[in-house]
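Data first, discussion second: the structure below is written as structure tokens.
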Amino acid sequence: MESQTVHKIPVIDFTKENLKPGTDEWILACKEIRHAFEEYGCFEAVYDKIPLQLHNSVFAAAEDLFGLPLETKMQKTSEKPYHSYYGQFSVVPLYESLGIDNPTTLEGSQKFTNLMWPAGNDSFRETTQTISKLLVELYEMATRMVFDSYGVERLHVSNLTLTSYLLRFFKYRTRQTNETDVGLQCHVDRTFMSIVHQHQIEGLQVKSKDGQGIDVKPSTTTFLVIAGDIVGVC
């Protein structure tokens, strides 16, 4: 009888003081990220630049957002897939999401905030813009490490100039009797890289190469960094 391999998503520490290009710590982290992406398509990043107060404020802002009337949320439209309001579908009845385009900029965050709250909501705008800027720092560092690990670091800058950012809020409501408990079906993000952060509930799984579902436990200081299909290393 064969025993099943127990998988564990790699954890990479981004809090090390000497984690700078050219250092031993950087070179090691680059190798770890490459291995993580090639074997699992993701890794958990330990990242301490987002304080607990901001973490809590972000999820409080999400509650305020999803608490708005449906007709208000549906005002967010876009020609780009998943940039608009997404929800109320029978195939994924528990799931809804909203995306903020260019969330690191005042223009982008203000435009979305004014659409949802015509009278204004400075707290929401400031919170989402702040978290977006900090996550972009993590994204850019991880992206550079990917390029460095393959010896094409010269392409990193040109890649960033073509990058646009989207902050998406997800919500999964409590299922009703006879409803599925699956929020979203297994999928691959159509991006270069995505960063996912959960709150309290263990609802996220990553599929291993041999088909096992690996649970991702929520934490206030770790973020799941996922390779999209553009990376193509899996």
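Of all residues in segment 131-169, those satisfying the criterion of being of a type in the set (A, V, I, L, M, F, W, C) and over 15 Å from D101 (Cα atoms) are L134, L138, M141, A142, M145, V146, F147, V152, L155, V157, L160. With respect to the stated conditions, E107 fails to be among the acidic types (D, E), part of a helix (DSSP H, G or I) and in contact (Cβ under 8 Å) with a residue 12 or more places away in the chain.
Let's see how each residue does on (1) modelled with pLDDT under 95; (2) of a type outside the set (S, T, N, Q); (3) under 18 Å from P218 (Cβ atoms):
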site: S3; (1), (2), (3): yes, no, no
site: K8; (1), (2), (3): yes, yes, yes
site: G22; (1), (2), (3): yes, yes, no
site: E32; (1), (2), (3): no, yes, no
site: I50; (1), (2), (3): yes, yes, yes
site: D64; (1), (2), (3): no, yes, no
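Kindly evaluate E63 against the criterion of being over 17 Å from the mean Cα position of the chain (by Cα), over 22 Å from T174 (Cα atoms) and of a type outside the set (S, T, N, Q). Considered against the rule, which asks whether it is over 17 Å from the mean Cα position of the chain (by Cα), over 22 Å from T174 (Cα atoms) and of a type outside the set (S, T, N, Q), E63 comes out as no. Which of the numbered conditions does G120 fail, given that it passes all the others? Conditions: (1) within 29 Å of L162 (Cα to Cα); (2) assigned to a loop (DSSP other than H, G, I, E, B). With (1) within 29 Å of L162 (Cα to Cα); (2) assigned to a loop (DSSP other than H, G, I, E, B) applied to G120, the lone miss is (1).
Filtering T77, T15, T23 for residues that are in contact with a strand residue (DSSP E or B) (Cβ under 8 Å, 6 or more places away or on another chain), surrounded by fewer than 15 Cβ atoms within 10 Å (Cβ to Cβ) and more than 22 Å from L204 (Cα to Cα) leaves a single hit, T15.
Going through (1) of a type in the set (G, A, S); (2) touching a helix residue (DSSP H, G or I) at 6+ places or on another chain (Cβ under 7 Å); (3) farther than 30 Å from Y85 by Cα one by one, S57 falls short only on (3).
Could you grab me the full set of residues in segment 80-107 that are more than 16 Å from the chain's Cα centre (by Cα), surrounded by 14 or more Cβ atoms within 10 Å (Cβ to Cβ) and at pLDDT 95 or above? T105 - this is the single residue of segment 80-107 that is more than 16 Å from the chain's Cα centre (by Cα), surrounded by 14 or more Cβ atoms within 10 Å (Cβ to Cβ) and at pLDDT 95 or above. The residues listed here are T163, T174; of these, the one that is at pLDDT below 75, within 28 Å of T77 (Cβ to Cβ) and surrounded by fewer than 16 Cβ atoms within 10 Å (Cβ to Cβ) is T174. For segment 6-60, the set of residues classified as of a type outside the set (V, I, T) and closer than 30 Å to N121 by Cα consists of Y47, D48, K49, P51, L52, Q53, L54, H55, N56, S57, F59, A60, listed by residue number. Can you tell me which residue among I33, I9, I50 is in contact with a helix residue (DSSP H, G or I) (Cβ under 9 Å, 6 or more places away or on another chain), hydrophobic (A, V, I, L, M, F, W, C) and not in a loop (DSSP other than H, G, I, E, B)? None of the others qualify; the one that does is I33. Selection of segment 214-234 for residues being farther than 14 Å from V11 by Cα and either at pLDDT 80 or above or among the hydrophobic types (A, V, I, L, M, F, W, C) (or both) yields T220, A227, I230, V231, V233, C234. On the stretch given as segment 34-74, residues that are crowded, with 18+ Cβ neighbours inside 10 Å, charged (D, E, K, R) and within 24 Å of K8 (Cα to Cα) total 1.
The values are calculated or read from the model by the stated rules, or taken from the named source; none is laboratory data. This structure is a prediction, so every number in the text was calculated from the model and none was measured. As a convention, Cβ positions derive from the backbone with ideal geometry for all residues, glycine included, and neighbour counts pool all protein chains shown.
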